[in-house]
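The values are calculated or read from the model by the stated rules, or taken from the named source; none is laboratory data. Treat the numbers as computed from the prediction; the structure is a model and nothing was measured. Cβ atoms come from the backbone with ideal geometry, glycine included; neighbour counts cover every protein chain shown.
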């Protein structure tokens, strides 16, 4: 039995060694590709397995378009294992992640698409974050979604100001 296991491991390592060549028969030029081939590469997920790290879970809008009437995360913030519940009011400075200042990190007053992040739960485990997300209370006033170009023009709903590229 032990002999069969050793033989199968040798066969597997031989296959991996053969796979470490380019299609033209030359060895990999980059060290990273060779490490990945030999299963020696270190990936981000591998580095976090042995360390205690915080998890995050988003609270997303169930509406395609809505006005946020009320947000309350008091109960979620008091739950065991929860380190923070972040919302638009918790962002210092500009609540924006877009390169042209056109993407909100968290929805503040209005929700513009289904799944837009309204809050972010930070906790010790994914289970704790999910449980806390269920305790975040967000009241919406549902608005009719804008689905066509004609509706967008009628509502003066545009992504952002036109972007001009000028020479000089």
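Please find, among 52, 39, the residue that is at pLDDT 80 or above, farther than 30 Å from residue 141 by Cβ and in a loop (DSSP other than H, G, I, E, B).
Just a single option satisfies the conditions, and that option is 52.
Return yes when residue 146 is closer than 29 Å to residue 52 by Cβ and touching a helix residue (DSSP H, G or I) at 6+ places or on another chain (Cβ under 7 Å) and no when it is not.
Spelling it out, it is not the case that residue 146 is closer than 29 Å to residue 52 by Cβ and touching a helix residue (DSSP H, G or I) at 6+ places or on another chain (Cβ under 7 Å).
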